[in-house]
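Every number in this text was worked out from the coordinates using simple rules, so none of it is lab data. These figures come from a predicted structure and were not determined experimentally. So basically every Cβ, Gly included, is an ideal-geometry build from the backbone, and we count neighbours across all protein chains shown.
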Amino acid sequence: MQVLEAGENKYLLLELDPEFVGNIAKQAGFNYKIDDGPRAMALDLSAVDRKAPLLLFDAADPGNLGWFSRCQFYVDGTSGAVLQTPLSLANRKDKSGRTSPHAVRVQIAKELPGSFRMPGRQLVTEQVVYAVFFNLLNALLNTGVGVCGGPIVKPLAGRTENVGSRN
């Protein structure tokens, strides 16, 4: 990790290892494709051997209360930001243009404001980001990740249908 100071502004520059990040995705049970850019690392992840959809659910739906009570990550449905982390999450489309229930795109920011802190006011390091990334992937497979509002990120599990007339 490097610290860049530009006038009064301070930035943390993470030096993420693409091979290490790929191994984390593989250990968690995902197939992956990495696009390593200068400001962010993006991963296309898919759990092709999984029969059930990834556990990305609508946190506002009362029918998903059981999921909500045990999840440790929440995604802003408008921006895709995984709250209090340098991660973002997006849905992926299948060949027919529908949201794929077994695939997501995760982006890891490499440039963060100097004041950025993880939950518990923990400082950001590459090792902390690796651990949070692994925990997010496990949550998508086992415990659930809540989507909070917004039309951009679509839930994949739990009650996902719209309420109202089907006619």
So how many Lys-Lys pairs in the chain land under 20 Å Cα to Cα, not counting same-chain pairs under 8 apart? 10
Over what distance in Å are the Cα centres of the stretch 82-154 and the stretch 18-48 separated? 12
Which Rg and Dmax, in Å, describe the Cα atoms of the stretch 61-160? 14.0, 43
As an exercise, use a Förster radius of 22 Å and the Cβ-Cβ distance of Lys93 and Glu15 to find the FRET efficiency, rounded to the nearest 0.05. 0.10
Debye log10 I(q)/I(0) for the stretch 8-63, one point scatterer per Cα, at q = 0.21, 0.27 Å⁻¹: -0.87, -1.09
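Counting other Cβ atoms within 10 Å of each Cβ, which GluC sites (Glu not before Pro) in the stretch 1-89 have at most 15 and sit in a DSSP loop?
Glu8, Glu15
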Mind putting together the pair-distance distribution for the stretch 43-105? All Cα pairs, 10 Å bins, whole percent per bin, short to long. 19, 49, 30, 2
At a Förster distance of 25 Å, what's the computed FRET efficiency of Arg121 paired with Arg50, Cβ-Cβ distance as r, to 0.05? 0.10
Assigned charges on the beta-carbon of Lys, Arg, Asp, Glu; the chain dipole about Cα centre (debye): 640
